[in-house]
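Novice: Pasting in a structure now, in C-alpha coordinates, and then I'll have a few things to ask.
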Amino acid sequence: MTLRAVIKGTGHYLPERVVENSWFEDKIETSDEWIRARTGIERRHFADEGQTTSDLAIRAARAALDDAGMQADDIDAIVLATSTPDLTFPAVATMVQAGLGMTRGFAFDVQAVCAGFVFALANAEGLIRAGQARRVLVIGAETFSRIMDWEDRSTCVLFGDGAGAVVLEGVEGRGDSNDRGILATDLNSDGQYRDLLYVDGGVSSTGTAGHLKMQGNLVFRHAVEKLARTAHTALDKAGLSPEQVDWLVPHQANERIITATAQKMGVPMDKVVLTVADHGNTSAASIPLALSVAASQGRFKPGQVIVTEAIGGGLSWGSVVLRW
Ligand code: UT7
(Lines give C-alpha, C1' and ligand atoms only; values in the text may rest on other atoms or scores of the structure.)
Protein backbone atom coordinates (compact mmCIF):
# COMPACT_ATOMS: atom_id res chain seq x y z
CA MET A 1 0.00 0.00 0.00
CA THR A 2 1.15 3.53 -0.78
CA LEU A 3 -0.38 6.75 0.49
CA ARG A 4 -1.41 8.89 -2.48
CA ALA A 5 -2.26 12.60 -2.37
CA VAL A 6 -5.59 12.81 -4.19
CA ILE A 7 -7.21 16.10 -5.31
CA LYS A 8 -10.59 16.30 -3.56
CA GLY A 9 -11.56 19.82 -4.56
CA THR A 10 -10.44 22.87 -6.55
CA GLY A 11 -11.32 26.55 -6.37
CA HIS A 12 -10.16 29.90 -7.68
CA TYR A 13 -10.69 33.62 -7.41
CA LEU A 14 -9.94 36.38 -9.89
CA PRO A 15 -10.18 40.07 -8.91
CA GLU A 16 -13.16 41.85 -10.50
CA ARG A 17 -11.13 44.41 -12.43
CA VAL A 18 -10.45 43.12 -15.96
CA VAL A 19 -7.86 44.97 -18.04
CA GLU A 20 -7.86 44.42 -21.80
CA ASN A 21 -4.66 44.70 -23.87
CA SER A 22 -5.94 47.98 -25.38
CA TRP A 23 -5.67 49.61 -21.91
CA PHE A 24 -1.86 49.68 -22.35
CA GLU A 25 -1.95 51.32 -25.79
CA ASP A 26 -2.05 54.93 -24.61
CA LYS A 27 0.40 54.33 -21.74
CA ILE A 28 3.32 52.59 -23.46
CA GLU A 29 4.38 51.88 -27.04
CA THR A 30 2.56 48.60 -27.57
CA SER A 31 -0.54 47.20 -29.26
CA ASP A 32 -3.23 44.63 -28.64
CA GLU A 33 -1.99 42.96 -31.84
CA TRP A 34 1.62 42.60 -30.58
CA ILE A 35 0.58 41.26 -27.18
CA ARG A 36 -1.83 38.69 -28.69
CA ALA A 37 0.60 37.57 -31.36
CA ARG A 38 3.69 37.26 -29.11
CA THR A 39 1.99 35.89 -25.96
CA GLY A 40 -1.62 34.81 -26.57
CA ILE A 41 -2.71 37.17 -23.78
CA GLU A 42 -5.91 39.17 -24.37
CA ARG A 43 -6.75 40.41 -20.89
CA ARG A 44 -5.77 40.00 -17.23
CA HIS A 45 -7.29 40.76 -13.82
CA PHE A 46 -5.75 43.32 -11.45
CA ALA A 47 -6.43 43.46 -7.72
CA ASP A 48 -8.07 46.65 -6.43
CA GLU A 49 -6.10 49.00 -4.24
CA GLY A 50 -6.05 47.49 -0.76
CA GLN A 51 -6.89 43.99 -2.03
CA THR A 52 -4.00 41.74 -0.99
CA THR A 53 -2.66 38.33 -1.95
CA SER A 54 -4.21 36.81 1.19
CA ASP A 55 -7.63 38.25 0.24
CA LEU A 56 -7.48 36.45 -3.11
CA ALA A 57 -6.10 33.27 -1.50
CA ILE A 58 -8.85 33.11 1.13
CA ARG A 59 -11.56 33.28 -1.54
CA ALA A 60 -9.88 30.57 -3.64
CA ALA A 61 -9.40 28.41 -0.53
CA ARG A 62 -13.07 28.74 0.47
CA ALA A 63 -14.12 27.70 -3.04
CA ALA A 64 -11.82 24.65 -2.94
CA LEU A 65 -13.12 23.61 0.50
CA ASP A 66 -16.73 23.95 -0.76
CA ASP A 67 -15.89 21.87 -3.81
CA ALA A 68 -14.34 19.19 -1.57
CA GLY A 69 -17.32 19.31 0.81
CA MET A 70 -14.98 20.10 3.71
CA GLN A 71 -14.74 22.64 6.52
CA ALA A 72 -11.60 24.60 7.41
CA ASP A 73 -11.02 22.46 10.50
CA ASP A 74 -10.93 19.31 8.35
CA ILE A 75 -7.59 20.62 7.03
CA ASP A 76 -4.28 19.72 8.71
CA ALA A 77 -1.97 22.07 6.80
CA ILE A 78 -1.89 24.96 4.34
CA VAL A 79 0.99 25.26 1.86
CA LEU A 80 0.81 28.50 -0.10
CA ALA A 81 2.99 29.47 -3.04
CA THR A 82 3.57 33.18 -3.61
CA SER A 83 6.28 35.69 -4.46
CA THR A 84 4.02 38.66 -3.67
CA PRO A 85 3.16 38.24 0.04
CA ASP A 86 1.05 40.82 1.90
CA LEU A 87 3.95 41.41 4.31
CA THR A 88 7.52 40.20 4.60
CA PHE A 89 6.21 37.98 7.37
CA PRO A 90 4.16 36.22 8.67
CA ALA A 91 3.49 33.77 5.89
CA VAL A 92 0.41 34.47 3.78
CA ALA A 93 -0.62 30.88 4.58
CA THR A 94 -1.14 31.86 8.24
CA MET A 95 -3.31 34.80 7.15
CA VAL A 96 -5.40 32.37 5.10
CA GLN A 97 -5.58 30.05 8.11
CA ALA A 98 -6.96 32.89 10.24
CA GLY A 99 -9.25 34.09 7.44
CA LEU A 100 -10.79 30.63 7.16
CA GLY A 101 -11.30 30.47 10.92
CA MET A 102 -8.99 27.47 11.12
CA THR A 103 -7.60 27.04 14.61
CA ARG A 104 -5.55 23.87 14.24
CA GLY A 105 -2.81 22.49 12.02
CA PHE A 106 0.06 24.46 10.50
CA ALA A 107 0.62 26.83 7.58
CA PHE A 108 3.63 28.07 5.63
CA ASP A 109 4.63 29.68 2.31
CA VAL A 110 6.76 28.32 -0.50
CA GLN A 111 8.62 30.68 -2.82
CA ALA A 112 9.64 29.33 -6.21
CA VAL A 113 8.10 32.15 -8.28
CA CYS A 114 6.16 30.84 -11.31
CA ALA A 115 7.10 27.25 -10.42
CA GLY A 116 5.77 27.84 -6.89
CA PHE A 117 2.59 25.79 -7.18
CA VAL A 118 4.43 22.76 -8.54
CA PHE A 119 6.90 23.02 -5.63
CA ALA A 120 4.01 23.48 -3.16
CA LEU A 121 2.15 20.44 -4.52
CA ALA A 122 5.30 18.31 -4.26
CA ASN A 123 5.88 19.51 -0.67
CA ALA A 124 2.27 18.86 0.29
CA GLU A 125 2.47 15.37 -1.16
CA GLY A 126 5.61 14.81 0.92
CA LEU A 127 3.77 15.92 4.09
CA ILE A 128 0.96 13.49 3.34
CA ARG A 129 3.25 10.57 2.54
CA ALA A 130 5.33 11.25 5.66
CA GLY A 131 2.20 11.17 7.83
CA GLN A 132 2.56 14.84 8.88
CA ALA A 133 -0.85 15.76 7.49
CA ARG A 134 -3.79 13.94 5.94
CA ARG A 135 -5.55 16.86 4.29
CA VAL A 136 -3.59 19.76 2.86
CA LEU A 137 -4.87 22.94 1.25
CA VAL A 138 -2.40 23.89 -1.49
CA ILE A 139 -2.74 27.44 -2.80
CA GLY A 140 -1.06 29.59 -5.43
CA ALA A 141 -1.85 33.30 -4.99
CA GLU A 142 -0.26 36.41 -6.46
CA THR A 143 -0.62 40.16 -6.91
CA PHE A 144 2.11 40.61 -9.53
CA SER A 145 0.56 43.96 -10.54
CA ARG A 146 2.28 45.33 -7.41
CA ILE A 147 5.80 44.59 -8.70
CA MET A 148 5.39 45.78 -12.29
CA ASP A 149 7.49 48.55 -13.80
CA TRP A 150 4.65 50.21 -15.76
CA GLU A 151 7.14 51.81 -18.14
CA ASP A 152 8.73 48.49 -19.14
CA ARG A 153 6.62 47.29 -22.06
CA SER A 154 8.48 43.99 -22.24
CA THR A 155 7.09 42.88 -18.83
CA CYS A 156 4.11 44.97 -17.68
CA VAL A 157 1.75 43.59 -20.34
CA LEU A 158 2.42 39.99 -19.34
CA PHE A 159 1.28 39.55 -15.75
CA GLY A 160 -2.01 39.42 -13.85
CA ASP A 161 -3.38 38.77 -10.35
CA GLY A 162 -5.36 35.81 -9.05
CA ALA A 163 -5.45 32.74 -6.85
CA GLY A 164 -6.20 29.05 -7.18
CA ALA A 165 -6.37 26.26 -4.62
CA VAL A 166 -6.69 22.50 -4.35
CA VAL A 167 -7.50 20.25 -1.40
CA LEU A 168 -5.28 17.16 -1.22
CA GLU A 169 -6.20 14.14 0.87
CA GLY A 170 -4.11 11.07 1.66
CA VAL A 171 -5.77 7.94 0.25
CA GLU A 172 -4.36 4.40 0.25
CA GLY A 173 -3.35 3.29 -3.24
CA ARG A 174 -1.77 0.12 -4.62
CA GLY A 175 1.49 1.83 -5.45
CA ASP A 176 1.23 1.56 -9.22
CA SER A 177 0.43 4.05 -11.98
CA ASN A 178 -3.28 3.16 -11.89
CA ASP A 179 -3.66 4.86 -8.49
CA ARG A 180 -5.55 8.10 -8.24
CA GLY A 181 -3.60 11.11 -6.92
CA ILE A 182 -0.06 12.37 -7.36
CA LEU A 183 2.01 9.69 -9.09
CA ALA A 184 5.34 11.50 -9.52
CA THR A 185 7.04 14.86 -9.08
CA ASP A 186 10.22 16.37 -10.50
CA LEU A 187 11.76 19.57 -9.09
CA ASN A 188 14.79 21.51 -10.33
CA SER A 189 16.59 24.82 -9.77
CA ASP A 190 19.72 26.39 -11.21
CA GLY A 191 20.71 29.62 -9.48
CA GLN A 192 23.32 30.51 -12.11
CA TYR A 193 20.37 31.84 -14.16
CA ARG A 194 19.01 34.08 -11.42
CA ASP A 195 19.70 37.27 -13.40
CA LEU A 196 17.34 36.23 -16.22
CA LEU A 197 14.24 36.86 -14.12
CA TYR A 198 14.28 38.66 -10.77
CA VAL A 199 12.87 41.53 -8.73
CA ASP A 200 15.33 44.37 -8.12
CA GLY A 201 14.39 44.95 -4.48
CA GLY A 202 14.10 43.10 -1.21
CA VAL A 203 14.29 43.26 2.56
CA SER A 204 18.01 42.70 3.03
CA SER A 205 19.21 44.58 -0.06
CA THR A 206 17.22 47.70 -0.93
CA GLY A 207 14.56 47.61 1.74
CA THR A 208 11.94 48.06 -0.99
CA ALA A 209 9.65 45.62 -2.79
CA GLY A 210 11.30 46.33 -6.18
CA HIS A 211 10.17 45.71 -9.75
CA LEU A 212 10.24 42.65 -11.97
CA LYS A 213 13.09 42.43 -14.51
CA MET A 214 13.22 39.78 -17.21
CA GLN A 215 15.32 38.83 -20.20
CA GLY A 216 12.24 37.37 -21.85
CA ASN A 217 13.77 35.79 -24.93
CA LEU A 218 16.40 33.91 -22.88
CA VAL A 219 13.78 32.70 -20.38
CA PHE A 220 11.69 31.61 -23.37
CA ARG A 221 14.46 29.36 -24.68
CA HIS A 222 15.14 27.79 -21.29
CA ALA A 223 11.40 27.30 -20.78
CA VAL A 224 10.69 25.19 -23.84
CA GLU A 225 13.69 22.94 -23.31
CA LYS A 226 13.44 22.54 -19.52
CA LEU A 227 9.63 22.16 -19.35
CA ALA A 228 9.50 19.34 -21.87
CA ARG A 229 12.41 17.61 -20.08
CA THR A 230 10.93 17.87 -16.57
CA ALA A 231 7.55 16.61 -17.81
CA HIS A 232 9.20 13.62 -19.45
CA THR A 233 11.20 12.91 -16.28
CA ALA A 234 8.08 13.00 -14.09
CA LEU A 235 6.19 10.78 -16.56
CA ASP A 236 9.11 8.31 -16.55
CA LYS A 237 9.07 8.26 -12.73
CA ALA A 238 5.33 7.56 -12.85
CA GLY A 239 5.84 4.74 -15.36
CA LEU A 240 3.72 6.53 -17.96
CA SER A 241 4.39 7.65 -21.53
CA PRO A 242 3.37 10.95 -23.19
CA GLU A 243 0.70 9.07 -25.19
CA GLN A 244 -1.03 8.26 -21.89
CA VAL A 245 -1.42 11.94 -20.97
CA ASP A 246 -5.06 13.06 -21.06
CA TRP A 247 -4.44 16.68 -20.05
CA LEU A 248 -1.46 18.99 -19.95
CA VAL A 249 -2.07 21.86 -17.50
CA PRO A 250 0.98 24.07 -18.04
CA HIS A 251 2.08 27.29 -16.37
CA GLN A 252 0.32 30.01 -18.34
CA ALA A 253 3.09 32.46 -19.27
CA ASN A 254 3.00 32.50 -23.04
CA GLU A 255 0.91 30.52 -25.51
CA ARG A 256 3.95 30.12 -27.78
CA ILE A 257 5.91 28.46 -24.95
CA ILE A 258 2.93 26.21 -24.16
CA THR A 259 2.51 25.17 -27.81
CA ALA A 260 6.23 24.50 -28.32
CA THR A 261 6.43 22.48 -25.08
CA ALA A 262 3.35 20.41 -25.93
CA GLN A 263 4.80 19.73 -29.37
CA LYS A 264 8.16 18.66 -27.87
CA MET A 265 6.27 16.37 -25.47
CA GLY A 266 4.13 14.92 -28.26
CA VAL A 267 0.88 16.07 -26.64
CA PRO A 268 -1.74 17.49 -29.09
CA MET A 269 -3.17 20.95 -28.34
CA ASP A 270 -6.72 19.64 -27.78
CA LYS A 271 -5.35 18.04 -24.59
CA VAL A 272 -3.85 21.30 -23.32
CA VAL A 273 -5.70 23.55 -20.86
CA LEU A 274 -5.23 27.18 -21.95
CA THR A 275 -6.24 30.12 -19.75
CA VAL A 276 -3.44 32.53 -20.63
CA ALA A 277 -5.72 34.59 -22.92
CA ASP A 278 -8.00 35.57 -20.03
CA HIS A 279 -5.61 35.52 -17.04
CA GLY A 280 -2.20 36.53 -18.36
CA ASN A 281 0.74 35.18 -16.36
CA THR A 282 -0.37 34.91 -12.72
CA SER A 283 2.90 33.24 -11.64
CA ALA A 284 2.29 30.66 -8.87
CA ALA A 285 -1.48 31.05 -9.27
CA SER A 286 -1.58 30.08 -12.93
CA ILE A 287 -1.68 26.28 -12.62
CA PRO A 288 -4.25 26.05 -9.80
CA LEU A 289 -6.35 28.65 -11.65
CA ALA A 290 -6.19 26.58 -14.84
CA LEU A 291 -6.92 23.35 -12.91
CA SER A 292 -9.91 24.90 -11.17
CA VAL A 293 -11.35 26.51 -14.32
CA ALA A 294 -11.04 23.26 -16.31
CA ALA A 295 -12.43 21.18 -13.43
CA SER A 296 -15.41 23.50 -13.02
CA GLN A 297 -16.13 23.06 -16.74
CA GLY A 298 -16.22 19.28 -16.17
CA ARG A 299 -13.31 18.68 -18.52
CA PHE A 300 -11.42 16.22 -16.28
CA LYS A 301 -12.88 12.69 -15.90
CA PRO A 302 -12.01 10.35 -13.03
CA GLY A 303 -8.95 8.26 -13.86
CA GLN A 304 -7.49 10.70 -16.40
CA VAL A 305 -3.76 11.48 -16.33
CA ILE A 306 -2.87 15.15 -15.83
CA VAL A 307 0.61 16.64 -16.20
CA THR A 308 1.44 20.08 -14.82
CA GLU A 309 4.71 21.88 -15.51
CA ALA A 310 6.12 25.32 -14.72
CA ILE A 311 9.29 27.41 -14.83
CA GLY A 312 10.10 30.72 -13.20
CA GLY A 313 12.72 32.91 -11.58
CA GLY A 314 15.70 31.11 -10.10
CA LEU A 315 15.53 29.55 -12.54
CA SER A 316 13.29 26.95 -10.88
CA TRP A 317 11.18 24.46 -12.75
CA GLY A 318 9.34 21.21 -12.26
CA SER A 319 6.45 18.94 -13.06
CA VAL A 320 3.77 16.93 -11.27
CA VAL A 321 1.99 13.93 -12.78
CA LEU A 322 -1.32 12.92 -11.23
CA ARG A 323 -4.36 10.81 -11.92
CA TRP A 324 -7.66 12.69 -11.44
O1 UT7 B 1 6.48 33.01 -15.97
C2 UT7 B 1 7.85 32.98 -15.79
C3 UT7 B 1 8.53 32.66 -17.03
N4 UT7 B 1 8.42 33.73 -17.98
C5 UT7 B 1 8.22 33.45 -19.22
O6 UT7 B 1 8.05 32.29 -19.55
C7 UT7 B 1 8.27 34.54 -20.25
C8 UT7 B 1 9.19 34.11 -21.34
N9 UT7 B 1 9.36 35.08 -22.42
C10 UT7 B 1 8.35 35.46 -23.25
O11 UT7 B 1 7.21 35.10 -23.08
C12 UT7 B 1 8.73 36.31 -24.44
O13 UT7 B 1 10.13 36.35 -24.54
C14 UT7 B 1 8.17 37.75 -24.38
C15 UT7 B 1 6.67 37.73 -24.61
C16 UT7 B 1 8.51 38.38 -23.06
C17 UT7 B 1 8.77 38.59 -25.49
O18 UT7 B 1 8.56 37.98 -26.76
P19 UT7 B 1 9.79 37.75 -27.77
O20 UT7 B 1 9.23 37.16 -28.98
O21 UT7 B 1 10.84 36.97 -27.04
O22 UT7 B 1 10.25 39.21 -28.07
P23 UT7 B 1 11.66 39.92 -27.77
O24 UT7 B 1 11.87 40.09 -26.30
O25 UT7 B 1 12.73 39.23 -28.54
O26 UT7 B 1 11.38 41.32 -28.39
C27 UT7 B 1 11.04 41.49 -29.76
C28 UT7 B 1 10.73 42.95 -30.02
C29 UT7 B 1 11.75 43.92 -29.40
O30 UT7 B 1 11.95 44.98 -30.30
P31 UT7 B 1 13.27 45.05 -31.20
O32 UT7 B 1 14.41 45.05 -30.23
O33 UT7 B 1 13.22 43.82 -32.06
O34 UT7 B 1 13.09 46.34 -31.94
C35 UT7 B 1 11.05 44.43 -28.18
O36 UT7 B 1 11.47 45.71 -27.80
O37 UT7 B 1 9.47 43.29 -29.43
C38 UT7 B 1 9.62 44.47 -28.64
N39 UT7 B 1 8.65 44.45 -27.57
C40 UT7 B 1 7.41 44.94 -27.67
N41 UT7 B 1 6.78 45.54 -28.69
C42 UT7 B 1 5.50 45.95 -28.49
C43 UT7 B 1 8.80 43.93 -26.32
N44 UT7 B 1 7.66 44.10 -25.61
C45 UT7 B 1 6.79 44.72 -26.43
C46 UT7 B 1 5.47 45.17 -26.29
N47 UT7 B 1 4.86 45.75 -27.33
N48 UT7 B 1 4.77 45.00 -25.13
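Novice: Output the Cα-based Rg and Dmax of region 2-173 in Å, rounding Rg to one decimal and Dmax to a whole number.
Specialist: 17.4, 57
Novice: Within the set 237/264; 271/301; 213/271; 264/301; 213/264, which residue pairs have Cα atoms separated by over 21 Å?
Specialist: 213/271; 264/301; 213/264
Novice: Treating only the Cβ atoms of Lys and Arg (+1) and Asp and Glu (-1) as charged, compute the dipole magnitude of region 185-253 about its Cα centre; round to the nearest 20 debye.
Specialist: 200 debye
Novice: Continuing with this model, one more query. If you roll a 1.4 angstrom probe over the protein chains with everything in place, what fraction of the accessible area of the chain belongs to carbon and sulfur, to the nearest %?
Specialist: Roughly 46 percent, rounded to a whole number.
Novice: Go ahead and estimate [θ] at 222 nm for the chain from helices alone: -39,500 (n - 2.57) per DSSP H run with n ≥ 4, summed, over the residue count, rounded to 500.
Specialist: Rounded to the nearest 500, the figure is -9000 deg cm²/dmol.
Novice: Can I ask one more? Over all alpha-carbon pairs in region 181-323, figure out the percentage whose distance exceeds 21 Å.
Specialist: 43 percent
Novice: Let me ask you something else. Where the only charges are on Cβ atoms (+1 Lys, Arg; -1 Asp, Glu), what is the dipole of the chain about its Cα centre, to the nearest 20 debye?
Specialist: In total the dipole reaches around 880 debye.
Novice: For 198, 193, 13, give me the order by solvent-accessible area with a 1.4 Å probe, most accessible first, ignoring ligands, DNA and RNA.
Specialist: The residues order as 198, 193, 13, largest area first.
Novice: Any chance you could look up the accessible area of residue 46 with a 1.4 Å probe, heavy atoms only, rounded to 10 Å²?
Specialist: 10 Å²
Novice: Round to the nearest 0.05 the FRET efficiency obtained for residue 297 and residue 88 when R0 = 30 Å and r is the Cβ-Cβ distance.
Specialist: 0.20
Novice: What is the projected area of the convex hull of the Cα atoms of the chain, averaged over all directions, in nm²?
Specialist: Spelled out: convex hull of the Cα atoms, projected over all directions, averaged, 15.2 nm².
Novice: Let me ask something else about it. Given 117, 41, 30, which one lies farthest toward the positive end of the charge dipole of region 1-145, if we put +1 on the Cβ of every Lys and Arg and -1 on the Cβ of every Asp and Glu?
Specialist: Among 117, 41, 30, the one farthest towards the positive end of the dipole of region 1-145 is 117.
Novice: While we're on this one: In debye to the nearest 20, how big a dipole does region 113-217 give about its Cα centre with +1 on each Lys and Arg Cβ and -1 on each Asp and Glu Cβ?
Specialist: Taking the Cα centre of region 113-217 as origin, the dipole is about 280 debye.
Novice: For residue 204 and residue 17 in one chain, what is 0.36 nm times their gap in residues minus the Cα-Cα distance, to one decimal in nm?
Specialist: Contour length minus Cα-Cα distance gives 64.0 nm.
Novice: Same structure, new question: Quick check: with the 1.4 Å probe, what order do 23, 317, 150, 34 take by accessible area, largest first?
Specialist: 34, 150, 23, 317
The values are calculated or read from the model by the stated rules, or taken from the named source; none is laboratory data. Keep in mind the model is a prediction, meaning the values are calculated, not measured. So basically every Cβ, Gly included, is an ideal-geometry build from the backbone, and we count neighbours across all protein chains shown. Remember, those area values only see protein heavy atoms, side chains included, never the ligands or the DNA or RNA. Shrake-Rupley method; radii C 1.70, N 1.55, O 1.52, S 1.80 Å.
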